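Just so it is clear, none of the values below were taken in a lab; they were calculated from the coordinates. Here the structure is a predicted model, which is why all the values come from computation and not from measurement. Cβ atoms come from the backbone with ideal geometry, glycine included; neighbour counts cover every protein chain shown.
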Amino acid sequence: MKAPSPASSKTTVCASDPRWQAVLARDPAADHAFVYAVKTTGVYCRASSPSRLPKLENVEFFDTAEQAEAAGYRPSKRAAADQTRVAEQHASLVTRACQIIEHADEQPDLNTLAEQIGMSPFHFHRVFKATTGLTPKAYASSHRARRMRDQLGRAGSVTDALYEAGFNSNSRFYETSDSVLGMKPGQYRAGGANTDIRFAVGECSLGAILVAQSARGICAILLGEDPDALVRDLQDKFPRANFIGADPDFEQLIAKVVGFIEAPAIGLDLPLDVRGTAFQERVWQALRTIPVGSTASYSEIARMIGAPKSFRAVAQACGANSIAVAIPCHRVVRSDGDLSGYRWGVERKRQLLEREGK
């Protein structure tokens with residue numbers, strides 16, 4: 001039978017416990033407050049479950065379904081169906097909240113959002129983060145940064161762009177512009193003009209490799225068959241940047257990257273210039289903690305960053321990674337061990353993992 005759950009996750013049951021009274025009454029109002037597990041069957045249910053009532057001594061309560069599953073219980077058929085229904089409802093509500101955030105002139109606060117969605121602020125915050133992997137505030141900040149990048153390509157001036165993106169003052173934006181854009185806004189708007197990016201293209205056993213570095217660190221490690229295509233990919237991102245070809249010092253850097261690809265045990269410790277959404281950067285940071293020779297599933301990474309239901313978003317973040325091997329998205333596999341997709345081809349992923357496993 002199931003092992004006892006941790007003391008921190010379960011509570012003892014007595015006949016006067018209001019949760020037990022809710023189970024006896026099959027009260028649907030208590031469905032989101034707790035689940036109850038039955039030791040003799042190994043399943044857990046919601047309060048309103050029509051299942052046959054268990055004996056009191058065989059029951060333990062958990063605050064969430066996740067706690068019950070961590071203790072070794074599985075959902076009853078009804079609970080599994082309820083979870084699907086609740087997940088669909090939550091996805092719909094979170095989608096509506098995202099639309100409110102994206103169309104708001106100013107960033108709405110948590111209480112305002114929760115009221116519009118029809119939830120308590122605490123419950124809304126928890127549901128939003130579980131669904132998207134971000135808090136509502138982080139999502140709003142990330143969206144505003146994307147709007148800023150888009151507006152800089154269209155607006156008549158930087159000032160017009162920042163107000164269109166939702167920044168209330170010049171000073172507030174300029175305080176965060178480097179982290180939002182990776183450079184001064186005028187430079188970004190000009191396609192990276194006056195920004196120096198050093199790069200070199202080489203060959204390794206996986207094919208062509210391009211390594212690029214800004215003043216902040218490595219900004220791209222690209223793999224492929226065609227060296228010219230890799231250069232075009234880099235140039236498309238900042239068409240007016242100052243691209244500086246390889247010099248002896250930089251060639252040593254690309255040699256270091258190639259050496260790591262060929263012999264992963266030597267390690268790779270490079271300063272990185274990472275640019276992504278708040279959620280992507282959390283995923284990429286988690287990837288860097290996976291040891292050489294190990295793998296993790298998308299679901300495990302989602303749990304690692306505190307967003308256990310966001311495994312699909314984790315997969316998308318892996319696909320958006322443009323710094324191969326240094327941010328080791330090749331170490332993320334499906335739960336069944338399948339290699340799944342890889343931005344630079346599944347065969348390259350297989351070869352990298354095989355080398356790291358030796």
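With (1) touching a Cys at 6+ places or on another chain (Cβ under 8 Å); (2) in a loop (DSSP other than H, G, I, E, B) as the list, and V283 as the residue in question, which single condition is left unmet?
Here V283 meets the rest and fails (2).
Of all residues being assigned to a helix (DSSP H, G or I) and touching a strand residue (DSSP E or B) at 6+ places or on another chain (Cβ under 9 Å) in the stretch 330-358, which is nearest to V231 (Cα to Cα)? Just the residue, please. Steps first, answer last, please.
Taking the stretch 330-358 as the starting set, the residues that turn out to be assigned to a helix (DSSP H, G or I) are 330-331, 346-356.
Next, from what is left, pick out any that are touching a strand residue (DSSP E or B) at 6+ places or on another chain (Cβ under 9 Å): 331, 348-349, 353.
On the way: R331: 26, R348: 20, K349: 22, L353: 26 Å.
Per the stated criteria, the residue is R348.
Mind checking which residues of the stretch 220-235 are charged (D, E, K, R) and in contact (Cβ under 8 Å) with a residue 40 or more places away in the chain?
Pass one, the stretch 220-235, residues charged (D, E, K, R): 225-226, 228, 232-233.
Selection gives nothing.
For R275, only one of the following conditions fails: (1) free of Cβ contacts under 8 Å to residues at least 40 places away in the same chain; (2) in a loop (DSSP other than H, G, I, E, B); (3) of a type in the set (K, R). What is its number?
Here R275 meets the rest and fails (1).
Please go through the stretch 273-298 and give me each residue that is touching a helix residue (DSSP H, G or I) at 6+ places or on another chain (Cβ under 7 Å), of a type in the set (S, T, Y) and crowded, with 17+ Cβ neighbours inside 10 Å, ordered by number.
T277, T295, Y298
Taking only the stretch 276-316 into account, find how many residues are under 22 Å from P136 (Cβ atoms), in contact with a Lys or Arg (Cβ under 8 Å, 6 or more places away or on another chain) and of a type outside the set (V, I, T).
The qualifying residues number 3.
How many residues does the stretch 314-329 contain that are touching a residue at least 12 places away in the same chain (Cβ under 8 Å), in a helix (DSSP H, G or I) and surrounded by fewer than 22 Cβ atoms within 10 Å (Cβ to Cβ)? Reasoning before the result, please.
From the stretch 314-329, those touching a residue at least 12 places away in the same chain (Cβ under 8 Å) are 314-315, 317-329; that's our starting set.
Now restrict to residues that are in a helix (DSSP H, G or I): 314-315, 317-320, 329.
Still in the running and surrounded by fewer than 22 Cβ atoms within 10 Å (Cβ to Cβ): 315, 319-320.
So the count comes out to 3.
How about the stretch 253-284: which of its residues are within 17 Å of G357 (Cβ to Cβ) and touching a Leu at 6+ places or on another chain (Cβ under 8 Å)?
F260, I261, P264
Taking the stretch 199-252, which residues are touching a Leu at 6+ places or on another chain (Cβ under 9 Å) and β-branched (V, I, T)?
Listed by number, the residues that qualify are V201, I209, V211, I218, I221, V231.
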